[in-house]
Ligand code: FES
Ligand SMILES: [Fe+2]
C-alpha cells in the first residue's frame, strides 16, 4: 500500500491509502492471432492446411448436399451416384448460386440455377444452356474443390497446396485391433464436455489436452467425480516434448501400493491422444480425437476408437448429476461446470495478454512452442512435423494409455 500525508495539520496526520492492482487502466485485451486464427492466408491457417482433417462421418456424404464449414471455408460435401465423395466450394462457378440446392447425379453435382454440373474434382461436365452442352466452353471452368479420402469411417479433406499434399496417416492404435474389437467413428465432440459444435477457439480445447492439472480440480472436485475417484487425486506429472507433440505422464499411487501411470497428450496437428478418463480397462490408448477448427470462434471433435460393442464410444460422453450436458439447467451448469463451461467461458478467443502462466502450465507452453516451430517451418518453406510423403510409412505409434506398474 502506498501512502502520502494528508493536508491536515501534523497532529491530525492520517495516511491516505492508495489501492494498488485495481482493474482500472489495464490494457485492452488481445489474443495471439498466429496461434489461433485459421482462415486461408493466416499463419496458423496455412499450417493447418498442410495436414489432412476429418470433416465428416463417411455417412455424412450422401446424395443430399451437405454444408460444412472447415477452417473458415464454407463447402459442400456430397457423394455422387457412383459412390465417390466430393467436397466443393459452395458458390457455383457460373454465377454463384449455392450448390447446397444442387442435385446429385451419376457424374457429380448439378447447380439448380442453370444446370451446370461438376464432378468430384470440380471439372464442369455439363452446361445445358450452352451449345452442345458446353462442349467447347465447359473445359475452361473449374469449380473450386478439395481432395477427400475415406478412412476409419470418416471423410478426410486436404485444403492445402496441391504439391504439398501428404499421405493420409494411419495410426497403430486404430490398425491393430484386439480380439472382439471393431472401429467406431463419432462426430459428437467427445471430450468437449458439451454439444457437437463448441463456440470458442479450437486452441482453447487443444491446450486443454496438455493440461493434466485441471483434471483433479474441474473433473474431480467442481464437477463432482466426473470420471472415477482415482482421477481426483493430484498427480505427479512429467511433461516431455516429442517431435510431434507433448507427452504427459501422470503418476498416481494406488491404495494397494501399485502405481497408475497415465500417458496422454496433444499430437500435431490437432490430435487428442487421450486414454479413457474412466479407466475402464488398463492398456494402450483406445481412441483418437481430432479437433476440427470450424472457424476462429468454433470447433468440433471427430473421434475414432476401438470398441467391444457398437455405441461404446458414444457412451464415453460425460454425465453431470446423472444428466447429459444438454439436459442440465443453468443452475446445474454452474453447480457442475465441466470442460465446456471452463473453455467457452475463456472467451470466443481467449485473451492471451491477460494470462499468468504458472509451473503447472508447462504443457501449454511446450505445445505453443511446438506450434510456433511449425509456423516458422512453413514460413521458411520447410515441411511441418508429422507430415509424410511416403505411402509405405508404417502407422504412427503412440505410447499413450492407462497403465499399472508395480513399484
Ligand atoms: S449459377 Fe450455377 S449454373 Fe448458373
Ligand atoms: Fe477436461
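List 57, 324 from most exposed to least, where exposure is judged by having the fewest other Cβ atoms within 10 Å.
Fewest-to-most ranking of 57, 324: 324, 57.
Given R₀ = 22 Å, what would the calculated FRET efficiency be for residue 163 paired with residue 388, taking r from the Cβ atoms and rounding to 0.05?
My answer for the efficiency is 0.90.
How far apart, in nm, are two points set 7 Å out from the Cα along the Cα-to-Cβ line at residue 259 and at residue 66?
4.5 nm
Pick out which of 12, 380, 179 has the largest mean-square fluctuation in a Gaussian network model of the chain, springs linking Cα atoms closer than 10 Å.
Of the options given, 12 has the highest mean-square fluctuation.
Does region 279-334 classify as rounded, prolate or oblate by the C-alpha gyration tensor (a ≥ b ≥ c root eigenvalues; a/c under 1.5 gives rounded; else a/b over b/c gives prolate, otherwise oblate)?
oblate
How would you classify region 52-150 from its alpha-carbon gyration tensor, with a ≥ b ≥ c the square roots of the eigenvalues: rounded for a/c under 1.5, else prolate if a/b is greater than b/c, otherwise oblate?
Verdict is prolate for region 52-150.
Counting pairs of alpha carbon atoms under 8 Å apart in space and at least six apart in sequence, what relative contact order in percent does region 167-405 give?
Reported relative contact order: 34 percent.
If contacts are Cα pairs under 8 angstrom and at least 6 residues apart, what is the relative contact order of the chain in percent?
Computed value for the chain: 19 percent relative contact order.
So, in Å, what gap is there between the alpha-carbon centers of region 359-407 and region 118-183?
Cα centroid of region 359-407 versus Cα centroid of region 118-183: 27 Å apart.
Decide, for region 167-405, between rounded, prolate and oblate: order the square roots of the alpha carbon gyration tensor eigenvalues as a ≥ b ≥ c, take rounded if a/c falls under 1.5, and otherwise choose prolate if a/b is larger than b/c, else oblate.
Verdict is rounded for region 167-405.
Tell me the relative contact order for region 52-150 as a rounded percent, counting alpha carbon contacts under 8 Å between residues six or more apart.
Computed over region 52-150, the figure is 21 percent.
Provide Rg and Dmax in Å for the chain, with only Cα atoms included in the calculation.
25.5, 105
When the chain is fully extended, how far beyond the present Cα-Cα distance does residue 95 get from residue 243, taking 0.36 nm per residue of separation?
48.7 nm
Which of 309, 303, 359 comes first, and how do the rest follow, when ranked by fewest Cβ neighbours within 10 Å?
Ranking 309, 303, 359 by Cβ neighbours within 10 Å, fewest first, gives 359, 309, 303.
Order by neighbour count: 183, 371, fewest other Cβ atoms within 10 Å first, most last.
183, 371
Give, as ranges by residue number, the residues of region 258-300 whose backbone N falls under 20 Å from the point 7 Å along Cα→Cβ of residue 309.
Zone members listed by number: 276-282, 286-287.
Readers should treat all values here as calculations from the given coordinates under stated rules, not as data from a laboratory. None of the values given here were measured: they were computed from a predicted structure. Please note: Cβ atoms are built from the backbone with ideal geometry, for glycine as well, and neighbour counts cover all protein chains shown.
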